[in-house]
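Participant: Dropping the structure in here first, questions after.
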Amino acid sequence: MTLPQEKIDSLNQLSQIHGIPIQDLVSYYEKHLADPNYNGKFKSQSELLNYIDSLIVGFIGEFANNVMDEVEMLILDSSTPRESKNQNYFNRHLALAKRTSGDTKMKWLSVMNMEETGEMIQLPDLSTGKMKISITKETDQTIEAFSRTGLSNFTPQGLTWVSPNEAEKKDFIRKIIKPVEIAQAGKNLSLKLDGTDMISPFSLRLISGTISSRRLSKKVDDETRKERESGIINIVDKSVALNPDFFKNKTITDPKDASKTKIQYGGFAGFCEPDDIRNIDRGTQAEFIGYITSPQNMNVVTIWTSLVVAPKTPTQRLKTGKTDNKQSAPSGINPAAL
């Protein structure tokens, strides 16, 4: 029996989705079509093809398992799952990783985890373990990959090359990420992916400073048209604390159109996930790891706090008394505390 053209067309789609050679898929169907054990069990070729369709899932799973790479991972950050415009969910795991076989050099690993291609999980920061991944791009220092349904489960366990102590894990990561002062942020922008306007998930920067303001806001997502929460903080460090001009808004030439101007807002803003700042407030001292996208903006991936100031309730923000019922003016940031 030969395969009908419509079946070959569908196999071509499977080939492109799963990276399986088309001839392997065709041979799988032809082998089952010619199997004498199926003689008389099906009334037509169409019924037999439908039966083989139910078996192909196992074949695809076996193929994927054979071509996947297993890695040991130290998780730097696992983002909160977000809904995409097609109503699936996705998030990204960012980690330091080594293969368990072959080339075991430590590299930065970015894993795109999607509902249709993997288990939807958010991994704990600084956790360690093993995971099978499908690599899409690799350099001498980086790996980009995605997960696969039922095959990319993260297995927590200790690693021989990482201390189980949290402080030592942080020291291990600090040695690899470039530290930057806010005053020099414009000279240390995170790199973009080759030929694109997208920031490389591997060009991380580390800023040590203090949160000078914090707010949570809600807006409608452009893709899903649903409301979602976002977090914004302002960060101060020693390099800018005594420079009042840094915190003033300025009118500058639009870098995208020299005939226009735009407002450059003062200060240094960090855009982060709401859960990362929900329980900390102004005055919190921390290390902020993320991508510097402009001289005065950072997309914050993770926050390591050293001194935490908890958010005040609305009642706590009010100063009451018989002679003074006004809220106190906010105190400035003490440069010596940075």
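The values are calculated or read from the model by the stated rules, or taken from the named source; none is laboratory data. Note that the coordinates shown come from a computational prediction; the quantities given were computed from them, not determined experimentally. With ideal geometry, Cβ positions are generated from the backbone for all residues, glycine too; neighbour counts draw on all protein chains shown. Surface accessibility is based on the protein's heavy atoms, side chains included, excluding ligands, DNA and RNA. Shrake-Rupley method; radii C 1.70, N 1.55, O 1.52, S 1.80 Å.
Participant: Test Ile333 against the criterion of being among the aliphatic types (A, V, I, L, M), touching a strand residue (DSSP E or B) at 6+ places or on another chain (Cβ under 6 Å) and at pLDDT below 90, and give yes or no. Reasoning before the result, please.
Facilitator: Numbers: among the aliphatic types (A, V, I, L, M): yes; touching a strand residue (DSSP E or B) at 6+ places or on another chain (Cβ under 6 Å): yes; at pLDDT below 90: yes.
Taking the combined requirement at face value, the residue satisfies it.
Participant: Confirm whether Ile303 is over 30 Å from Lys256 (Cα atoms) and in a loop (DSSP other than H, G, I, E, B).
Facilitator: no
Participant: Among the numbered conditions (1) of a type in the set (A, V, I, L, M); (2) open to solvent by 30 Å² or more (accessible area, probe 1.4 Å); (3) in contact with a Gly (Cβ under 6 Å, 6 or more places away or on another chain), tell me where Val236 comes up short.
Facilitator: All conditions are met except number (2).
Participant: Is it the case that Leu216 is aliphatic (A, V, I, L, M), surrounded by fewer than 16 Cβ atoms within 10 Å (Cβ to Cβ), in contact (Cβ under 8 Å) with a residue 24 or more places away in the chain and more than 30 Å from Phe90 (Cα to Cα)?
Facilitator: Judged against the criteria, Leu216 is not a match.
Participant: Okay, next question. Mind listing whichever residues of segment 147-183 are polar (S, T, N, Q) and either surrounded by 12 or more Cβ atoms within 10 Å (Cβ to Cβ) or touching a strand residue (DSSP E or B) at 6+ places or on another chain (Cβ under 9 Å) (or both)?
Facilitator: Listed by number, the residues that qualify are Ser147, Thr149, Ser152, Asn153, Thr155, Gln157, Thr160, Ser163.
Participant: In segment 269-292, what residues are of a type in the set (Val, Ile, Thr) and part of a strand (DSSP E or B)?
Facilitator: Ile289, Ile292
Participant: Quick test of your reading of the structure: Gly195 fulfils all but one of (1) of a type outside the set (S, T, N, Q); (2) at negative phi; (3) surrounded by fewer than 12 Cβ atoms within 10 Å (Cβ to Cβ). Name the failing condition by number.
Facilitator: Just one mismatch for Gly195, condition (2).
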